[in-house]
Structure formats: C-alpha cells, structure tokens
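Structure first, commentary second.
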Amino acid sequence: MTAKKSVSLVLGSGGARGMAHIGVIEVLEENGYEIREIAGSSVGALVGGVYAAGQLAEFKEWICNLGRVDVFGLMDFSFSSKGFIKGDKVFHVLKKIVKEQKIEDLKIPFSCNAVDYHEGLDRVFDSGSLFQAIRASVSIPSLVQPAVIDGVEYIDGGVLNPLPVDLLKKKSQKVLAVNLNALGDSYVKPPKKDHGGNRLIQTPGWLKEYQGKMNSYFDRHKEVSKRKSLGSLDLINRSMELLHDRVSQLTLEKHGVDVVVDISKRQASTMEFYRAAEMIEIGRIKAEKAIKKLENEP
C-alpha cells in the first residue's frame, strides 16, 4: 500500500492576502496531501486555526460573501491610542461560525505566535483557547488594539516572526511555506468576480444601493492613487510589509523548507477582505505550481 503524502504548513502574515492560504490548503487536499501540522502567524494563525478546527468551509462561505461595506461594518472603531479598531466585533461574528476549542484538542497540531511587546518576546501558543491565540496573533500594531491575556498585552506575531517555520515540531514531513509578502514577479492578475453581502451582517439598504458605485469608483482610481504620498496609517502598514518581507527572507535562509508559495504584496492591501474570493483563487493558482515542485522533490 502506498503511504499517503503528507506535508507540514507554515502560513505567513499579510492581512487580506492571507485568504490565499485557503486556496493553497484546498489544492493540497485535492492532490491527496494530508496536512500533519500547521504553524501560523497573524492571518496565517486565523486561517490555520480555523482549518485545524475542521471549519474552513464555513469560514470560506462567510468571508467570500463580504462586500466592501460589510468589511467596514465589522470595524468597531475606537479613539484609543493603542489601535483604531477594538477587534471585538469581528470575533463576535467569528464565534458564530467557528466553535471555540482548545488548541490541544484540535484535529491537526497547530501553533501560532504573538508578541509581548513590553518584554519584546515572541510567545508561542500551542495550548489553551484557540480564539485567544488567534486574537493575539492578529493584533496589527496601531490598527487593532492589543489582546490582553492574563494581564499581558500581545500584538501581531508578524512583528517578530511573520513566517514561523521554527514553530513546527514535526520534522519528518515535507514543509510548504506560504509567504504573503513576496517581491519581484510573483504578482498574478486577479479574476473579476462580483460578491454580495453576508447574511450574518446587517447593512442599511441605502448603503447596499451605493456599494456598486463605490466598487466602481475605487477600481477606477486604484491605479491613479498607487504613487501618491501615504498617510500615517498607510505608511505604518507599508513599513510593516517591508519589514515582514525582509524577515521572511532571512527566516527561509535560516530554516530551509521544501517549497515556498510566494504571494505578491501587491495582490491586496491589509484590509481588503472583500477580495477574499480573488485571493483564494490566486492561492490555488500558485499552489498548483508548487505541488509540481513538491512532488519532484526527493
């Protein structure tokens, strides 16, 4: 009997581009791969944790039906100096989709990271509350308020370790890493798709009426605005992307993996979660190519 192909996954940080992780996972499964372990950072912690909990299909259905206005509706804005968004609202909705579980009880071994910024330490979450671990890992500095666990404040795991290869404990499987901050010619032209709102989010009717006009406006002006000077929040985001790219490259040089799936940082900005279906398809395209290389590895 032929042994089932297996792989360990490292899912990197990169905001909305992380929906490409879903496409990568789908292609691996379709090609007969068993995912033995997952290590994730930030959005990689979110997608990896949901998959390890066995509820990726439900999450995909929800995220792919978010429009631009729906994403805005999930942002519980705050005047706190620690972050513009509290983060409570989106996790309240997520808990309706994904059941809370303990990490040690998940179907697939899972770990993620977050940063104790007071001590400057990278903390690994491999036990305890899944939602607490994900909430800590996705706390983007200045954007999402830090997560507080047992009196300690945590920020985005990508600050220190955006591609956490070193979190993997199983060394016998092949390792595939998804880097969401790639430079160079890794950009893929996204497919054009139109998506409606989500049944779990109540959006005023008049806003829905103008959503199409908003989409048209943003698409028309996207190219024009690319080279404009950045505001403070966009500048922080851009700085984080550049830092993530450099640290990811150093991580890959230090901890060799079998295959890297590179997703261009130009594919989507941090908060463009309404483009989830596009990013999933891009993840699938990139994963199809990566599979060929993975299967040719000795």
According to the Kirkwood expression over distinct Cα-Cα pairs, how big is the hydrodynamic radius of segment 24-80, in Å? 13.4 Å
Computed lengthening from Gln249 to Tyr187, 0.36 nm per intervening residue step minus Cα-Cα distance: 20.6 nm
What is the distance in Å between the Cα centroid of segment 40-89 and that of segment 264-278? 13 Å
Divide, for segment 90-183, the radius of gyration over alpha carbons by 2.2 N^0.38 Å, where N is the residue count. 1.12
Just to be sure I understand the model, the point goes 7 Å from the Cα along the line to the Cβ. What's the resulting Glu104 to Glu119 distance in nm? 2.0 nm
Pair Asn31, Ser239: separation of 7 Å Cα→Cβ label points (nm): 3.9 nm
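First measure r as the distance between the Cβ atoms of Ser81 and Glu58, then evaluate 1/(1 + (r/R0)^6) with R0 = 35 Å and state the FRET efficiency to the nearest 0.05. Before the final figure, lay out the partial values.
Values: r = 36 Å, r/R0 = 1.01.
It comes out at approximately 0.50.
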Compute the distance in nm between two label points, each set 7 Å from the Cα along the Cα-to-Cβ direction, one at Lys170 and one at Lys95. 3.1 nm
If amide H atoms are modeled at 1.01 Å from N in the peptide plane, then the residues at a separation of 5 or more from Asn181, or on another chain, having amide H under 5 Å from its own are Ile263
Sorted by packing (mean other beta-carbon atoms within 10 Å per residue), highest first, where do 17-26, 181-190 land? 17-26, 181-190
With the calculation restricted to Cα positions, what are the radius of gyration and Dmax of segment 40-199 in angstrom? 16.2, 48
Under a no-solvent Debye model with one identical scatterer per Cα of segment 56-113, what's log10 I(q)/I(0) at q = 0.18 Å⁻¹? -0.83
Where the convex hull is taken over the Cα atoms of segment 1-122, what is its projected area averaged over directions, in nm²? 9.3 nm²
Per residue solvent-accessible surface (Å²) - segment 37-97, probe of 1.4 Å: 39 Å²
Given 37 °C, 0.692 mPa s and a Kirkwood radius over Cα pairs, the Stokes-Einstein diffusion coefficient of segment 239-279 in µm²/s is 274 µm²/s
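The values are calculated or read from the model by the stated rules, or taken from the named source; none is laboratory data. Predicted model, so just to flag it, every value in this text is computed and none were measured. Heads up, the Cβs are rebuilt from the backbone with ideal geometry, glycines too, and the neighbour counts pull from every protein chain shown. Remember, those area values only see protein heavy atoms, side chains included, never the ligands or the DNA or RNA. Shrake-Rupley method; radii C 1.70, N 1.55, O 1.52, S 1.80 Å.
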